[in-house]
1. Percent relative contact order of chain B, based on C-alpha pairs within less than 8 angstrom and at least six residues apart?
2. Have a look at the DSSP beta bridges in the range A:3-183 and tell me what percent are antiparallel, nearest 5.
3. No solvent, one uniform scatterer per C-alpha: report log10 I(q)/I(0) for chain A via the Debye equation at q = 0.10, 0.16 1/Å, two decimals.
4. What FRET efficiency, computed as 1/(1 + (r/R0)^6) with R0 = 35 Å and r the Cβ-Cβ distance, is obtained for residue B:64 and residue A:82, rounded to the nearest 0.05?
5. Could you identify which residue out of B:47, B:100, B:13 has the top mean-square fluctuation in a GNM of chain B using Cα springs shorter than 10 Å?
6. At residue B:148 and residue A:182, where each label point lies 7 Å from the Cα along Cα→Cβ, what is the point-to-point distance in nanometres?
7. How far apart, in nm, are two points set 7 Å out from the Cα along the Cα-to-Cβ line at residue A:40 and at residue B:33?
8. How big is the charge dipole of the protein assembly as shown about its Cα centre, in debye rounded to the nearest 20, if each Lys and Arg gets +1 on its Cβ and each Asp and Glu gets -1 on its Cβ?
Amino acid sequence: MAKTEIRVGGLGGQGVILCGQIIGRAAAIYSGKHATLIQAFGPEARGSACSAQVTISDDEIGYPYVTHPDILVVMSVDAYAQFAPQLRPGGLLLHEQELIAVDDRLPAGVRALGVPATRFAEELGRRLVLNIVMVGFFAGTTGLLEFGAVERAVRDSVPKGTEDLNLRALRKGHEYGLEVAAVKA
Amino acid sequence: MRLEGFPREATLRDGRTVKLRPIQPDDETTLGEFYRDLPEEDRLFLREDVRRPGWAEEFIHTVDFDSIISLVAESQEKIVGNATLYRSRHGWSAHVAELRIAVARQFQRHGLGTALASLLVRHAIALGLEKIVAHVVDNQVGAKRAFEKLGFRQDAVLPGHVKDIRGVTRDLVVMSNDVSHLWEAMAALVSDYSPTMGE
């Protein structure tokens, strides 16, 4: 892998930034790669649009800003509308499939894979872990990071006592991601 | 939800080991024996008539590992403890679960109840629950202490709510372990808001 640019987008309160942090942490701390994270959110807390830009590379990263991501992870309609046209042609869109309907604004050759992450999170007991389902889905569909590295990054990143639920969410998203990637390969 | 990491072994304070595992359909006979063998004063504090023929079979059929999650402790192929978590999947108390535990006399005060309770408390948190409650009678000092060690605190006392084997009226203590702070911490973490941004 030379360099992979990722953008995560959604609403404030969906854990967009944490999603980006976990991907970056799994890459930089547990996979021996280089990673950068740029986070953007407004002064309002929940409900406002926010996004994280993550770059992962085997080499040092000179420029951390992501303009045309290879992978876009989106959890809200607004984030999809704003960021989907910026995807690199031939890139990968990972979306919350029950919130976002994929349309023709995607650049040519983009592969779109969806996951009912909100429903999975609610079934697991807490809607709060929607973003962790998305991290698992990211790991399962892209294969960019070893699952063990992502698991350790999640364990490190979430409040003590909540690890079990978060890891269940991660596994759920990962297993679903593996299935979806295999079917649509 | 499937219970992971079972069966597992627990070493009690006196060195004995017991096997802890989810209850299973073929436990019907041994579970019935376990409850029938409990001394009357212990059985009195249970909510159901566990000596009734067919009770164990009915109980096992209610365990779905979703609303009702039950573990047993096994020693020499006999059940010596049973702990069950009850939760409602809807309504105003969907965030609460109730924990009930019974331990054979010869295994009481050796840490078995704590071991069983600890596993179910952890499981309750993994289910996203916010509060786990347990009911104890005021003179069940060991049980109260065991729950306190697991983070339970006295929530309420219902005076004269139970009568013991001698007909003595006793207070029922409602204890709870409030873990809502865990989810508040998680909510803060995913708020996507930083007060220091832009400074």
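FYI, it's all coordinate maths here, none of it is from the lab. Everything numeric here is computed off the predicted structure, so don't read it as measured data. Neighbour counts are summed over all protein chains in view; Cβ atoms, including those assigned to glycine, are modelled from backbone coordinates with ideal geometry.
1. The value is 16 percent.
2. 55 percent
3. So the normalised log intensities are -0.33, -0.92.
4. According to the calculation, E is roughly 0.20.
5. B:47
6. For residue B:148 paired with residue A:182, the spin-label model returns 5.3 nm.
7. 6.9 nm
8. Dipole of the protein assembly as shown, to the nearest 20 debye: 620 debye.
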